[in-house]
Structures are given as structure tokens and as C-alpha cells.
Amino acid sequence: MEGRFSFAKLKYVFPPFQNGDVDPAVKALEARQDEILRKLYELKAAVEGLAKTVTTPDADLDVTVSSSLSSQSSSCAIFKGTTNLDALLGEDLGALRDIVINANPAQPPLTLLVLHGLLCQRYRVLSTVHVHSSVSSVPPQLLSCLGPKHADSYARHMFQLGFTLIWKDVPKLEMKFSVCNMCPIEGEANVARFLFKLLAPYPSDPALATLVDSWVDTGFYQLADGSTKERAAVLRALNSALGRGPWLSGPEFSLADIACYCCLLQNGSASSIAANVQGWMKSCENLGHFGPAKLLLK
């Protein structure tokens, strides 16, 4: 019964006078009533968001700062194949399927912001940012990294997917989905794999799928966190691979390109790279999906 409750049922409709006119004072009262109901909707949404984060054992005392409703496009044209949320995430039982990510603001997950933008092109996504009590302050660009607040953020039933980002003092990024019955996924690389599968299936060719995974791991563990020598070796490998084709794992843009591009941005290696890598980075930028990641680095 709770899920069927609507504040609209509380609204009292004032009857018109006999001549059909409505007193201006009555109109003002109706407008005030509508405003109160709108605020009740917002309060209900805020309470639902707090309840959701409280049920996550390590997400207490969060503050919602932004939400957005993204219009659903026909598809992400750069990705081939179709995805089915029910098949990937389980049957839709009426509650919003929410992806909750804990991330340290000292290490913004650029890859996940890019994937969030791509998800918003395919699904109606309720995007929300919270700040955990373990973090004293967060730069403004991190508070708005998922977009502005949308007027319909209170109507959770209008969305297909929830994307909740919690800025928190954690040693390693982690993601939770269906909080009550799922272990967390740790590490930006693994969360990126999960999110990418909501956009497009992994290659059916085992060798190609392995190549994608290999580049993703190389990007995060050597290009982003490796030594100077390891980074130089990865840049040489990138240049060699991109001399054989436009993208890192075959003829199509993939998670490998997203991960390696973001890792290059984050560690500053993009300033001195070989010609093939420069051309590849330009091709990535021409797709228009990396704007949110680049804004965080300014």
C-alpha cells in the first residue's frame, strides 16, 4: 500500500462560484497548496534517499546535493548490441534499481563519470551526489559532477536506474547494488566493467574480451598507479597498438579506450605522448563523452 500512496490525493479542489469565476484569494490558496504538495514530494524524495544510504552500512549522515533526469536516447550509437536491465540486474519489482558508489574525493573516478554520461544517453537515470561525514569539504566541481538537480527528482518511478555517488574517505572505491543481497564490488576497474555491461555486452570472442580486460588492468594498475618506468612502457605499448588500428581492442571503441584515456588524463601523461596516441586521444575527444572527466581536472 505504501508504494501506491500519492500526495495528489490530499489536494482539495475548490469549487467555482455559480457564475463560473473563482475568487483571486481562492486561486492564491490553491497555488499555495500546490507549492506545499511540491515541497512534500521533495521531502519524501530526500527521506527515501537518506533511508537508502543509511541501509548501506558505511554511508551514514550523507547530504544530497544534486539529482538529474536524463532523457532517454534511442541508443549509444558507438556501442553495438543490446542490453536488458532485467537480465543484467534482476527483475524490476517496482523499486528503483540503484547503483551506490563510495569514492574518495582525493581520487575522483574519471572513468565512472564518463560511463555515467553514457548511461544517461541510454536510460532515464536518477543521478545523486552525497557527501559523507568522514569528508570535511568537497570542491564544487565534485558536488555537481553528475549534473544539476532536476525538478522531477522526487518522482523515482519515472527513472529506470539510480546512480548514487557518495564522496567518502575510503581507501578504495567500492560499489553496491541491491544493498541487502550483494557483496560490494571494489576497485574502479571492476566497477567500470560492471557499468559498461549495462551499455553493451562484452565481446563474444574470448580473445577480444581478454584484450579489453588486459588494457583496462594495464590502464589502472600500471598507467595510473605504476612507476615512471612502467608508465613509459605502457605508453610505448599504446603507441604500438594504435599503429595497428584506431582503437585499443579492435575496430570498435570500448571500455579499454575509456579506461586508458582517463588514466592518461589523471596522471598527466597526456602532455608528452607519441603521434599514434595523440591521434587516438583526439578521436576519443571527438566522441564528446569525456567532458565531465576533463572538467574535474581543471
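The values are calculated or read from the model by the stated rules, or taken from the named source; none is laboratory data. Every value quoted in this text rests on a predicted model; they were computed, and no experiment measured them. Cβ coordinates were reconstructed from backbone atoms using ideal geometry, including for glycine residues, and neighbour counts include every protein chain displayed. Keep in mind that these areas ignore ligands, DNA and RNA; they rest on the heavy atoms of the full protein, side chains included. Shrake-Rupley method; radii C 1.70, N 1.55, O 1.52, S 1.80 Å.
A few notes on this one:
- Some residue of segment 54-73 being outside any loop (DSSP other than H, G, I, E, B), over 23 Å from S254 (Cα atoms), open to solvent by 80 Å² or more (accessible area, probe 1.4 Å) and modelled with pLDDT under 70: yes
Yes or no, residue by residue, for (1) at pLDDT below 95; (2) outside any helix (DSSP H, G or I); (3) surrounded by 14 or more Cβ atoms within 10 Å (Cβ to Cβ):
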site: L208; (1), (2), (3): yes, no, yes
site: V216; (1), (2), (3): no, no, yes
site: L223; (1), (2), (3): yes, no, yes
site: G226; (1), (2), (3): yes, yes, yes
site: E230; (1), (2), (3): yes, no, yes
site: V234; (1), (2), (3): yes, no, yes
site: G245; (1), (2), (3): yes, yes, no
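- Answer residue from segment 188-205, given it is open to solvent by 10 Å² or more (accessible area, probe 1.4 Å) and assigned to a loop (DSSP other than H, G, I, E, B) and is farthest from L115 (Cα to Cα) among those: D205
- The criterion of being modelled with pLDDT of 90 or more, under 16 Å from L296 (Cα atoms) and in contact with a Phe, Trp or Tyr (Cβ under 6 Å, 6 or more places away or on another chain) does not hold for P109.
- Of all the residues in segment 116-151, those that are in a helix (DSSP H, G or I), closer than 15 Å to A293 by Cα and open to solvent by 30 Å² or more (accessible area, probe 1.4 Å) number 3.
- Sole exception among (1) loosely packed, with under 15 Cβ neighbours inside 10 Å; (2) more than 28 Å from the chain's Cα centre (by Cα); (3) not in a loop (DSSP other than H, G, I, E, B) for N239, by number: (1)
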